[in-house]
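Engineer: Sharing a structure here in structure tokens format.
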Amino acid sequence: MQRRERTRRLIELGGLVQKAGLVDLADDDRATIYGALLELVGRARNEDAGDTVALWKRRGRRAFDAEEEPRETGG
């Protein structure tokens, strides 16, 4: 059961990479995508990580909420 849950989680995370547009931006090149993710982690560690992660969380939450709005209005 744990393996299935892990697999589902990894698929969902990959979906977020796709949803964010990184796959298209990187022309589906895994090395580029990995490098971009490593760059984000490096920047967050070099800056005030708490503020950076909080900013990412706010932006992500707003994006998720914006996607939900049309569904709530029936659109």
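Engineer: Net charge near residue 36, counting Lys/Arg +1 and Asp/Glu -1 over other residues with Cβ under 14 Å of its Cβ?
Structural biologist: -3
Engineer: Okay, moving on. Figure the gain on full extension for residue 3 and residue 36 (residue separation times 0.36 nm, minus the Cα-Cα span) and round it to one decimal in nm.
Structural biologist: Gain in length upon complete extension: 9.2 nm.
Engineer: Using a basic spin-label model with each label point 7 Å from the Cα along Cα→Cβ, how many nm lie between residue 11 and residue 52?
Structural biologist: Rounded to a tenth, the inter-label distance reads 3.2 nm.
Engineer: Could you work out Rg/(2.2 N^0.38 Å) for the chain, with Rg from alpha carbons only?
Structural biologist: Its radius of gyration relative to the 2.2 N^0.38 Å reference: 1.34.
Here, each number is a calculation from the coordinates, and none is a lab measurement. Quantities reported herein were computed from a predicted structural model and do not represent experimental measurements. All Cβ positions, glycine included, derive from the backbone under ideal geometry; neighbour counts span all protein chains shown.
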